[in-house]
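For reference, the structure discussed in these notes is given below.
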Amino acid sequence: MRSLSGSKSLGYRPAWRRFGRVPTIGLVLLCLSFAGGGVWLTMNDQAMASAASATTADPAKPAASGDAQEKFVWCEPITNTVKYDKMERYSLFAVLGVAVAGLFYALLLVGQVIKADKGTPRMQEIAAAVREGANAYLVAQFRKIFPLIIVITGLLYLTKYHEFEFAVGRSGAFLVGSVFSWLVGLCGMMLATTGNLRVAAAARHSYGEAMQLGYRTGTVTGMLTDGLGLLGGTCIFLIYGERAYEALLGFGFGG
């Protein structure tokens with residue numbers, strides 16, 4: 001760390017400072033282009049639909065029931081027992097249970113890793129330095145990405161601004177997906193720096209115990225990814241039903 005700080009006084013600039021702004025600006029412009037295109041397509045489709053209904057509608061003839069779009073109902077898979085049978089509703093709740101079980105399993109593995117032997121004081125000192133660097137990286141990453149997340153959330157809202165429930169769902173799902181993704185990275189990085197110390201300490205006595213701790217440490221990130229992904233996707237299905245794709249678009253983008 002000291003050598004790096006000393007090189008800074010000699011005019012050294014890290015690569016991320018020299019070249020980091022160009023990809024960031026390009027990503028912002030790309031997101032703005034996609035959002036602008038989405039807004040334009042939405043407005044164009046709405047205008048075309050209005051024009052088509054104006055030219056084809058016959059005032060003397062009532063519109064067919066299938067021509068009108070069905071009104072959206074919140075949480076319809078839960079409230080509408082006619083449209084959604086028991087198997088469909090039970091399946092959604094079963095997937096929700098799997099998501100919760102995955103998160104609980106990840107929490108159980110975290111407890112097992114933390115309770116393991118920490119090794120010698122010198123090993124703990126080195127691990128603390130590694131953890132400090134990892135935390136600094138995560139904070140710097142969050143400061144760079146968080147403003148972009150807010151901008152994209154607002155742009156996604158504009159792509160469906162004429163339908164409030166879907167505008168909120170799409171932008172809100174993107175925000176939740178982004179937060180879930182950040183939480184997975186945060187927990188994974190923190191547990192990796194914590195687990196490495198335990199694995200190194202266990203390797204002094206037993207190769208099998210070290211492998212077991214390494215497996216548990218890596219599995220936590222996988223369980224968090226699967227659990228949070230299933231949790232968010234299933235909740236979107238329970239809220240939006242057949243129109244879940246409107247919000248899943250934002251959730252997948254955020255993740």
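The values are calculated or read from the model by the stated rules, or taken from the named source; none is laboratory data. Quick caveat: nothing in here was measured; it's all calculated off a predicted structure. Don't worry about glycine lacking a Cβ; one is built from the backbone with ideal geometry, like all the others, and counts go over all protein chains shown. Side chains are part of the model used for accessible areas, which takes the heavy atoms of the whole protein and leaves out ligands, DNA and RNA. Shrake-Rupley method; radii C 1.70, N 1.55, O 1.52, S 1.80 Å.
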Given Phe166, Phe146, which one is in contact (Cβ under 8 Å) with a residue 24 or more places away in the chain, out of contact with any Gly (no Cβ under 6 Å at 6 or more places or on another chain) and of a type in the set (Phe, Trp, Tyr)?
-> Phe166
Which residues, taken from region 113-143, are within 13 Å of Ala192 (Cα to Cα), exposed (fewer than 14 other Cβ atoms within 10 Å of the Cβ) and among the charged types (D, E, K, R)?
-> Glu132
Do we have Ala94 as exposed (fewer than 13 other Cβ atoms within 10 Å of the Cβ), out of contact with any helix residue (DSSP H, G or I) (no Cβ under 7 Å at 6 or more places or on another chain) and modelled with pLDDT of 95 or more here?
-> yes
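Table: residues versus (1) modelled with pLDDT under 95; (2) touching a Ser or Thr at 6+ places or on another chain (Cβ under 6 Å).
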| residue | (1), (2) |
| --- | --- |
| Asp117 | yes, no |
| Val139 | yes, no |
| Lys144 | yes, no |
| Lys160 | yes, no |
| Ser171 | no, yes |
| Gly177 | no, no |
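When the residues of region 97-112 are narrowed to those that are of a type in the set (A, V, I, L, M) and within 14 Å of Thr221 (Cα to Cα), which ends up most open to solvent (accessible area, probe 1.4 Å)? Walk me through how you get there before you give the answer.
Start the filter on region 97-112 by keeping residues that are of a type in the set (A, V, I, L, M), which leaves 98-101, 103, 106-110.
When the remaining residues are screened for being within 14 Å of Thr221 (Cα to Cα), the result is 99, 103, 106-110.
Details: Ala99: 0, Leu103: 47, Ala106: 2, Leu107: 120, Leu108: 84, Leu109: 6, Val110: 38 Å².
Restricting to residues being of a type in the set (A, V, I, L, M) and within 14 Å of Thr221 (Cα to Cα), the top hit is Leu107.
Of the residues Leu183, Leu230, Leu238, which single one is surrounded by fewer than 20 Cβ atoms within 10 Å (Cβ to Cβ) and in contact with a Cys (Cβ under 7 Å, 6 or more places away or on another chain)? Steps first, answer last, please.
On the way: Leu183 fails: in contact with a Cys (Cβ under 7 Å, 6 or more places away or on another chain); Leu230 fails: in contact with a Cys (Cβ under 7 Å, 6 or more places away or on another chain).
Criteria check complete, one pass: Leu238.
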Listed residues Thr194, Thr221; which is open to solvent by 20 Å² or more (accessible area, probe 1.4 Å), polar (S, T, N, Q) and touching a helix residue (DSSP H, G or I) at 6+ places or on another chain (Cβ under 6 Å)?
-> Thr221
Given the conditions (1) in contact with a Lys or Arg (Cβ under 6 Å, 6 or more places away or on another chain); (2) more than 17 Å from Gly255 (Cα to Cα), which single one is not true for Leu156?
-> (2)
Scanning region 157-180 for residues that are under 14 Å from the mean Cα position of the chain (by Cα) and open to solvent by 50 Å² or more (accessible area, probe 1.4 Å), the one nearest to Thr219 (Cα to Cα) turns out to be Val179
